[in-house]
Amino acid sequence: MLSSIALKNRQNPRKLIENRVSVAGENAELSIYDTYCAAEKVALSSSHVLYCGMVTGRKIMHGATPEACEFRPRESFIMAPDQTVYIDFPDARPNAPTTCMTVEIRRQLVDSVCERLNTDRPGEADTPAWEYTPRALHVPHGRETQALLDRLIRLFCDDHADRDALIDLALNELVVRMLRTQSRQLLIETSQTNDIPARNGLEAALRWIRDHPATRLDSAALAREACMSKARLYRQFKREIGCTPGEYQQRIRLQLARTRLCDGSDSVTRICFDLGYKSLSHFTHCFKAATGMPPSRYRKAWQR
């Protein structure tokens, strides 16, 4: 998709590391970075909220999250204003550059979206108000978010009379998705803290799934753990986490699988059955759908 955009400076890069091409809008700026050779600890920061999406290749991000993390396509990396991250480019080559897109979003736009959400869609009594928390966030994203990022690239590079209005509509949607993702991540992180009791039934259910990733999910038992009906539990999961309990357990399993593939020597088959999958083919299908590659190839790519 990027090859079809008329950005001449990308065809004749001035730099081999983080060659930047930018297009400005009224409330945001889109940048595309290409890196053509391996490099380490390249600094990136912005005075605005910075929403990053990988296009091709991978990066290793240091400094913004508690541990260094691998950043690949189909993932979002969101930086707070004035936060600095240091980036490694292990695979960048002249004929296979590592490419990333960023959208700088003014804090005023984020605050205005929060205000509107709190007016139009207030949370339930036991959930916090909509608010942006300045912190780094690294999460996978789905097809809808990827389609939105692709649409933003096209809009920024368009000369249509309604360009700025269409960009603002897409930016509002991106900010809503960012706030929802951050809210979910904070809720999940709170549920992972064992030294304090669960604050509500949803946190209790999240903890149970986290502690029993390989156990077949029984919706009635999970509802009892959460002290609420199955219908209410599923509504809260869809509203606050964006998926069903079963889909959330699948995410936990795949996160554990990625960690074991990168850091351990267990076979793919062993990991598959340890995490509760009933067949290697089903595990491979689920893993490829989430990461874009089968488990064995994922392990080789990480260990290069």
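Would you kindly identify the helices (runs of 4 or more DSSP H) lying entirely within the stretch 234-304 that contain at least 1 residues that are within 15 Å of Arg72 (Cα to Cα)? Even if it seems obvious, please write down each step before you answer.
On the way: elements: 245-263, 268-274, 280-291, 295-303.
Ranges flagged: 245-263, 280-291, 295-303.
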- Task: Would you check if there is a residue in the stretch 177-185 being hydroxyl-bearing (Ser, Thr, Tyr) and under 24 Å from the mean Cα position of the chain (by Cα)?
- Result: yes
- Consider Ser46 carefully, then state whether it is under 24 Å from Ser22 (Cα atoms) and of a type in the set (S, T, N, Q). yes
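Mind listing just one residue for me: the one in the stretch 1-15 that is polar (S, T, N, Q) and assigned to a helix (DSSP H, G or I) and, of those, modelled with the highest pLDDT? If you could, list the steps in order and put the result at the bottom.
Taking the stretch 1-15 first, the residues polar (S, T, N, Q) are 3-4, 9, 11-12.
When the remaining residues are screened for being assigned to a helix (DSSP H, G or I), the result is 3-4, 9, 11.
Values: Ser3: 37, Ser4: 45, Asn9: 60, Gln11: 72.
Ranking the candidates gives Gln11 first.
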- Message: Of everything in the stretch 70-88, what is out of contact with any Leu (no Cβ under 7 Å at 6 or more places or on another chain) and within 12 Å of Gly53 (Cβ to Cβ)? Give them in sequence order.
- Response: Phe71, Arg72, Pro73, Arg74, Glu75, Ser76, Phe77
- Taking the condition surrounded by fewer than 16 Cβ atoms within 10 Å (Cβ to Cβ), modelled with pLDDT of 80 or more and closer than 26 Å to Thr56 by Cα, does Ala170 pass? no
- Task: Could you tell me which residue of the stretch 19-57 is surrounded by the fewest Cβ atoms within 10 Å (Cβ to Cβ), considering only residues that are farther than 18 Å from Ile167 by Cβ and in contact (Cβ under 8 Å) with a residue 60 or more places away in the chain?
- Result: Tyr36
- Message: Tell me the residue from Arg20, Arg14 that is among the basic types (Lys, Arg), within 24 Å of the chain's Cα centre (by Cα) and within 29 Å of Asp158 (Cβ to Cβ), please.
- Response: Arg20
- Item | Pairs where the first residue, in the stretch 197-224, is among the polar types (S, T, N, Q) and the second is buried (at least 19 other Cβ atoms within 10 Å of the Cβ), C-beta under 8 Å, 6+ apart | Ser219/Leu233; Ser219/Pro245
- Item | The one condition in (1) touching a helix residue (DSSP H, G or I) at 6+ places or on another chain (Cβ under 7 Å); (2) under 26 Å from Ala161 (Cα atoms) that Glu104 fails to fulfil | (1)
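Name the one entry in Thr56, Thr84, Thr35, Thr98 that is among the hydroxyl-bearing types (Ser, Thr, Tyr) and within 17 Å of the chain's Cα centre (by Cα).
Working: Thr84 fails: within 17 Å of the chain's Cα centre (by Cα); Thr35 fails: within 17 Å of the chain's Cα centre (by Cα); Thr98 fails: within 17 Å of the chain's Cα centre (by Cα).
So the residue among Thr56, Thr84, Thr35, Thr98 that is among the hydroxyl-bearing types (Ser, Thr, Tyr) and within 17 Å of the chain's Cα centre (by Cα) is Thr56.
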- Item | Verdict on Ala96 being surrounded by fewer than 17 Cβ atoms within 10 Å (Cβ to Cβ), free of Cβ contacts under 8 Å to residues at least 40 places away in the same chain and either closer than 26 Å to Tyr36 by Cα or in contact with a helix residue (DSSP H, G or I) (Cβ under 6 Å, 6 or more places away or on another chain) (or both) | no
- Query: Out of all the residues in the stretch 99-121, is one or more at pLDDT 90 or above and part of a loop (DSSP other than H, G, I, E, B)?
  - Reply: yes
- Out of all the residues in the stretch 58-78, which are surrounded by 19 or more Cβ atoms within 10 Å (Cβ to Cβ) and hydroxyl-bearing (Ser, Thr, Tyr)? Ser76
- Query: Of the conditions (1) part of a loop (DSSP other than H, G, I, E, B); (2) within 21 Å of the chain's Cα centre (by Cα); (3) of a type in the set (Val, Ile, Thr), Thr215 fails just one. Which one is it?
  - Reply: (2)
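The values are calculated or read from the model by the stated rules, or taken from the named source; none is laboratory data. Remember, predicted model here, so these are calculated numbers, not experimental data. Cβ atoms come from the backbone with ideal geometry, glycine included; neighbour counts cover every protein chain shown.
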